[in-house]
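The values are calculated or read from the model by the stated rules, or taken from the named source; none is laboratory data. Everything quoted here is computed from the prediction, not taken from an experiment. A quick note on method: Cβ atoms are made from the backbone with ideal geometry, for glycine too, and the neighbour counts reach across all protein chains shown.
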Amino acid sequence: MVHISIIEARLSKLGIKVSRWYRPEIRELQHVLMDEEQIIGVVPGRYFGGYAMLLATDRRLLLVDKKAFFMNLEDIRYDTISEIDFSAQMMNATVVIYTLNKQHRFSSTKYRRQLRSLTAYVQAQIVALRQPQYHSVAPPPQPQTHLATEIAQHFHRPHFLRSPHTHKMVGATAMLASRRAHVSGLPLGSFTAHNNVGLNSGVLQTD
């Protein structure tokens with residue numbers, strides 16, 4: 001359990017000021033955060049269930065909605081996110097997070113810039129987690145001895161010889177000589193991020 005004073009000190013250090021309307025969510029973080037978990041960003045806003053708080057830590061993404069007789073907590077681990085879309089208009093910003101079996105939509109009016117920064121941080125965390133999977137390993141060289149020997153045997157059969165200096169490959173021999181090895185692959189754990197601001201769209205930049 002993380003004491004409320006530690007949470008408030010961290011928010012103050014980050015320069016994050018949360019309205020008193022989100023005080024129940026801040027208090028609930030005492031029971032949600034792990035001992036060494038660090039808060040990176042907090043954005044008040046709305047989701048399908050009403051007003052809530054989206055929180056990014058160094059380990060996961062949290063959506064907290066705490067009311068008098070109701071509490072909803074979404075614990076989204078970075079390695080489960082497959083796609084994240086961010087869009088912003090003049091008065092509103094929205095982020096849509098896709099996981100393996102669920103979709104999360106969160107919007108904010110007053111904290112549009114903070115929501116974009118939080119989205120960029122989430123994207124960077126996902127890329128860092130999946131980076132080793134993009135290092136391709138070259139396949140080991142395939143031995144060519146058997147293929148070369150088989151072609152040579154076809155060359156030296158009497159019915160393939162036309163002259164002492166000319167050889168002709170026909171039928172199965174020609175097909176054998178035209179063999180090619182194809183190696184293809186796609187990176188595992190692909191991740192997509194989109195950023196739509198106004199009428200323009202493109203890949204989200206983490207500048």
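Points worth noting:
- Residues satisfying the stated conditions in region 72-94, i.e. without any contact (Cβ under 8 Å) to a residue 40 or more places away in the chain and of a type in the set (Val, Ile, Thr): 76, 80, 94
- Looking across region 95-106, the residues that are assigned to a strand (DSSP E or B) and either touching a residue at least 12 places away in the same chain (Cβ under 8 Å) or over 15 Å from the mean Cα position of the chain (by Cα) (or both) come down to 95, 96, 97, 98, 99, 104, 105, 106.
- Failed item in (1) at pLDDT below 95; (2) within 27 Å of the chain's Cα centre (by Cα); (3) polar (S, T, N, Q), with residue 12 passing the rest: (2)
- Entry remark, region 93-119: residues being more than 17 Å from residue 15 (Cβ to Cβ) and surrounded by fewer than 21 Cβ atoms within 10 Å (Cβ to Cβ) number 12 in total.
- Count - residues of region 1-25 that are within 25 Å of residue 120 (Cβ to Cβ) and touching a residue at least 24 places away in the same chain (Cβ under 8 Å): 9
- Residue match in region 121-137 (condition: crowded, with 19+ Cβ neighbours inside 10 Å, at pLDDT 90 or above and part of a loop (DSSP other than H, G, I, E, B)): no
- Of the residues making up region 78-90, those that are in a strand (DSSP E or B) and either more than 17 Å from the chain's Cα centre (by Cα) or of a type outside the set (Phe, Trp, Tyr) (or both) number 7.
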